[in-house]
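Peer 1: Quick one: the structure is below, questions incoming.
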Amino acid sequence: RTPARAVALARRFSAKGVVRAAGEPRGLDALMDSKLLADARLIVNATSMGLTTGRFARLDYSSTAADCLFYDLIYSREPTAFLKPAIAAGRRATDGAGMLVNQGELAFRLFNRLAPPAGVMRAALLKELGRTLS
């Protein structure tokens, strides 16, 4: 939530070989920087922005590469305010439903010391969200 914490996290991941740190953190105004967005291959919304207001910060979706993936940690029945324009622009988009399922399965395994029944949590969440299994 702060530039300093973003830098520290990027350095930590980079040191472990998870990701290559790609520059310095920027403010929301960077979401309209067409030159910066042209090089992006992944744009993640890890904020609560749009969760209750139905609006997201201005973002120049059309400046992103055709193969750019938009990932929103928020999940809902319908695409979020962050994902709708990405889908309209023909970009790949996914939400946090899969992450929630993975966290739930891991928590089940840690607390119960056994694997959860395969696919049960995923099926339950998708049913609740009104989605079909794919």
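Peer 1: For residue 105, only one of the following conditions fails: (1) surrounded by 12 or more Cβ atoms within 10 Å (Cβ to Cβ); (2) in a loop (DSSP other than H, G, I, E, B); (3) free of Cβ contacts under 8 Å to residues at least 24 places away in the same chain; (4) not hydroxyl-bearing (Ser, Thr, Tyr). What is its number?
Peer 2: (2)
Peer 1: I've got another one for you. I'd like to verify a number: residues in the range 51-62 that are assigned to a loop (DSSP other than H, G, I, E, B), surrounded by 12 or more Cβ atoms within 10 Å (Cβ to Cβ) and touching a helix residue (DSSP H, G or I) at 6+ places or on another chain (Cβ under 9 Å), how many?
Peer 2: Residues in the range 51-62 being assigned to a loop (DSSP other than H, G, I, E, B), surrounded by 12 or more Cβ atoms within 10 Å (Cβ to Cβ) and touching a helix residue (DSSP H, G or I) at 6+ places or on another chain (Cβ under 9 Å): 4 in total.
Peer 1: Any residue in the range 114-123 that is of a type in the set (D, E, K, R) and closer than 30 Å to residue 35 by Cβ?
Peer 2: No - not one qualifying residue is present in the range 114-123.
Peer 1: Moving on to the next point. For the range 29-50, which positions are out of contact with any Lys or Arg (no Cβ under 6 Å at 6 or more places or on another chain), part of a helix (DSSP H, G or I) and within 18 Å of residue 84 (Cα to Cα)?
Peer 2: Selection gives 31, 37.
Peer 1: Here's a follow-up. Hey, any hits in the range 72-87 for a residue that's surrounded by 13 or more Cβ atoms within 10 Å (Cβ to Cβ), closer than 21 Å to residue 131 by Cβ and among the polar types (S, T, N, Q)?
Peer 2: Checked against the condition, which is being surrounded by 13 or more Cβ atoms within 10 Å (Cβ to Cβ), closer than 21 Å to residue 131 by Cβ and among the polar types (S, T, N, Q), the range 72-87 yields at least one hit.
Peer 1: Restricting the search to the range 77-90, which residues are in contact with a Phe, Trp or Tyr (Cβ under 6 Å, 6 or more places away or on another chain) and farther than 28 Å from residue 119 by Cβ?
Peer 2: The answer is 81, 85, 89.
Peer 1: Something else about it: Is one or more of the residues making up the range 104-119 within 21 Å of residue 129 (Cβ to Cβ), within 15 Å of the chain's Cα centre (by Cα) and either outside the structural domain of residue 132 (by TED's automatic domain parsing) or of a type in the set (Asp, Glu) (or both)?
Peer 2: No: zero hits.
Peer 1: Let me ask you something else. Could you list, in sequence order, the residues of the range 104-134 that are among the small types (Gly, Ala, Ser) and touching a Leu at 6+ places or on another chain (Cβ under 9 Å)?
Peer 2: Selection gives 104, 119, 123, 134.
Peer 1: Identify the single condition in (1) assigned to a loop (DSSP other than H, G, I, E, B); (2) closer than 30 Å to residue 131 by Cα that residue 17 does not satisfy, given that it satisfies every other one.
Peer 2: (2)
The values are calculated or read from the model by the stated rules, or taken from the named source; none is laboratory data. All of these numbers come straight from a predicted model, not from anything done at the bench. Note: ideal-geometry Cβ built from the backbone for every residue, glycine included; neighbour counts use all protein chains shown.
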